[in-house]
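Okay, structure first, notes after.
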Amino acid sequence: MTIEESISSTATSTTRTVPNGLTACSGSTVQPWSDLVRDDRVHRTLYTDAAVFAEEMQRVFGGESWVYLAHESQLPEPNSFLSTRMGLRQILVTRDRAGALHAVFNRCAHRAATVCREESGVAKSFQCPYHGWTFRNTGELVGVPWPQGYADFDKAAFGLTTVTRVESYRGFVFGTMNIDAPSLGDFLGHAKPWLDYWIDRAPGGDVQVRPGAYRMGYRGNWKLAYDNAGDGYHPSFSHRSLLEMASRMGESKDMSYFGKTPDDGPMKSYVLGNGHSVIDQRGNYDGPGSFWANQRPQPGREQFEAQIRQRYGDDADRLLDLAIGSQINLSIFPNLLIIGNQVQVVEPLEVDRTQLVWHATTIGGVPPEVNTLRMRTQEDFPAFGEPDDQANFEEAQRGLAAPEAEWVFMNRGLDVTGWQEAGPDGVVVTAVTDELHMRGYYEEWLRRMRAEV
Amino acid sequence: MKLGDLPARYADTTSWSFHVDQAYYDDLDRFRSIFAEDWDAADPGEWHRVQNFLSREARLIDEGRFNDWLDLFAGDCLYWVPVNAGGGDPRVEVSHAFDDHRRLTDRVYWLRTGLAYSQLPASRTRRVIGNVETITEPGGLRLVRSNFVLNEFRNGVAKTYSGWYGHVLRDTEDGLRIRLKMVNLLDSEQYHENLTLVF
């Protein structure tokens, strides 16, 4: 039996059997997936097999543990709602009349039609356009047309399916179907201080996700994006066009530090546990005004800088730095990527098709010029950087179609002397091109796929 | 700030964008509101002239002559592909492209590095432009509204884009030059794969 036959033949069973031909330690009980996820490599079918994808959408994306759903600024008032997805489940994230957060399946309890077809808005209840069933924004069935047609109808049994747990960490709203999942705080764990840094850059922690996101798509598996997000190895190569363009006017700025043997520089990668990781680029900068000084010029830079310096004097460096990205890339498993000033959400569509939604952010407590500059800086990478990565993801997906070449490697940094250093809290810091972030997140992937969370 | 008022140091707008100030954003609001109005039929001579200009601009892009295309833009130009078709407020929203002269020069440079993997192989495009309307605004600028259908083939995948263009043109000694090219995709805020082609 080939691996693919084995996967498709077992995908519907709850306990996964191990492909016959690859069992490493015969005679002993082998953990499911252990032949496809090894210390230094993963099997290509994790990126190509529709049965694996179906199981991921259930388990990795909500069935076992937390998934990012929305930012509270997208739900600004009581009875706000936002359409989103948790894996392949259509979800409405809502606020009730008191402002508390909920998430319900946007799927009629009657015959499955999408109940609400708006992207966002304000509504106390939703009426399904198909047969007129009406649900409160917390999921309870309010009423059905002509109820005399039902014998012994128990309305309480026909509410919208609800996301079992919905919690917010400082505006970032997560959900899971698993009542026994760890607390959101425990799940975020060592990612929390990094998320705090990102939020606290905004005066008063006031971050606003803007309407009008980039919905970028590529023909490849969702994990290609997650593999990339914590990867300090690729920029010198995948982003050569951006780095070359940046040198058009002489002195090269911005991401150019990735080109100079980055493992010897001040950048570090941290593997934070539970699938999370972060690349810290701040070591390339020095003191207030340094982010701004090293930013490649964007539209309006000169005029707005002159105005801000004139008006705010000694405070201008701090304000101008806030127009520039955070200089961290924080990946929160499985679908939240904090990049620069943006909130990027990984939305798997099919085994070989993915949407990456890039939400730009403004912040409170700064003059409007800072937010306008912030828009211009947030346009740069999605235009001249991300598309080249996505082209490479698509070419990787093409390469993964070859059955005889089975493995995707993540062994860079493995057993290299002097790279990884574990702190007392378990966080491992390592060289920025180490593929430890992949090895780290596959541990969480396995826990979810094995229902061991 | 008007180009003629720029300090000498900032006069080269392929390197500096001192002129992009609040008034620059205010101009966009003004252009957008004129684009939203009903216009009287144009004089046939003017209509023919802008039609020729749009056809020529389209051909330069479709033939990959990006340096020649860049030459059609004024120093205070904007090549703008908003995420919200028709505009939105660029002061607090991002755009697919919000290219002043410097960033547009960067974009052409980027396309021509030969290292932009999203354009290796390059997009092949052909577009048809129709429903052309034009008026002159009181300040002397010429506004043009048109519809487009754009076919792209790249790396085994054929796609169709459609929408409307809003052009603001300035008459100069060298002929018409683009002050604003606004590209309003029918589905600008929706899922798109690889928007690195030139619209």
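Each value in this text was obtained by applying a stated rule to the coordinates, not by laboratory testing. Bear in mind the structure is a predicted one, so any value in this text is a computation, not a measurement. No Cβ is skipped: glycine too gets one built from the backbone with ideal geometry, and neighbour counts run over all protein chains shown.
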Measuring from a point 7 Å past the Cα of A:Leu414 along Cα-to-C-beta, which residues in the stretch A:422-444 have an amide N at less than 14 Å? A:434-443
Can you tell me the dipole magnitude for the protein assembly as shown around its Cα centre, using point charges on the Cβ only (Lys, Arg +1; Asp, Glu -1), in Debye to the nearest 20? 860 debye
Can you tell me the FRET efficiency between A:Val30 and B:Lys159 if r is taken as the Cβ-Cβ distance and R0 is 35 Å, rounded to the nearest 0.05? 0.15
Distance in nm between label sites at A:Gln90 and B:Val128, each 7 Å beyond Cα in the beta-carbon direction? 3.4 nm
What FRET efficiency comes out for the pair A:Arg318/B:Tyr25, r = Cβ-Cβ distance, R0 = 25 Å, nearest 0.05? 0.55
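Could you give the size of the charge dipole of the stretch A:143-291 about its Cα centre, using +1 on the Cβ of each K and R and -1 on the Cβ of each D and E, expressed in debye and rounded to the nearest 20? Write down the numbers at each step before the final one.
On the way: 15 positive and 17 negative charges, 91 e Å.
Taking the Cα centre of the stretch A:143-291 as origin, the dipole is about 440 debye.
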With the stretch A:39-122 reduced to its Cα atoms and the Debye formula applied, log10 I(q)/I(0) at q = 0.10, 0.11, 0.18 1/Å amounts to -0.34, -0.40, -0.83
Taking a spot 7 Å from the Cα of A:Ala401 along the direction of its beta carbon, which residues of the stretch A:348-372 have an amide N less than 17 Å from it? A:350-354
Compute the signed sum of charges (Lys and Arg +1, Asp and Glu -1) over the other residues within less than 15 Å, Cβ to Cβ, of B:Lys2. -2
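On full extension of the chain, what length is gained from A:Ala157 through A:Phe237, given 0.36 nm per residue of separation minus the C-alpha to C-alpha distance?
Extra length from A:Ala157 to A:Phe237 when fully extended: 23.2 nm.
By how many nm would the segment from A:Ser183 to A:Asp39 lengthen if fully extended, with 0.36 nm per residue of separation less the alpha-carbon distance? Walk me through the numbers on the way to the answer.
Details: separation 144, 0.36 × 144 = 51.84 nm, distance 2.82 nm.
Residue separation times 0.36 nm, minus the Cα-Cα distance, leaves 49.0 nm.
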How large is the Kirkwood hydrodynamic radius of chain A, in angstrom, based on all distinct alpha carbon pairs? 23.7 Å
Longest segment of chain A with no GluC sites (Glu not before Pro) in a DSSP loop having at most 14 other Cβ atoms within 10 Å? A:252-403
Unsatisfied cross-links (Cα-Cα over 32 Å) in the set A:Lys124/B:Lys181; A:Lys124/A:Lys223; A:Lys223/B:Lys159: A:Lys124/B:Lys181; A:Lys124/A:Lys223
In nm, give the distance between the simple-model label positions of B:Asn67 and A:Ser247, each being 7 Å from the Cα along the Cα-to-Cβ direction. 2.0 nm
With the crude spin-label approximation of a point 7 Å out along Cα→Cβ, what separation in nm comes out for A:Lys124 versus A:Asp196? 4.1 nm
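When a footprinting reagent is the concern and you count Cβ atoms within 10 Å, what order do B:Asp76, B:Asp40 take, fewest first?
Numbers: B:Asp76 21, B:Asp40 7.
Taking fewest neighbouring Cβ atoms as first place, the list is B:Asp40, B:Asp76.
Using r as the Cβ-Cβ distance of B:Ser15 and B:Asp174, and R0 as 25 Å, what FRET efficiency do you calculate, to the nearest 0.05?
The calculated FRET efficiency here is 0.75.
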Extension length gain for A:Arg111 and A:Thr134 (0.36 nm per residue less Cα distance), in nm, is 7.0 nm
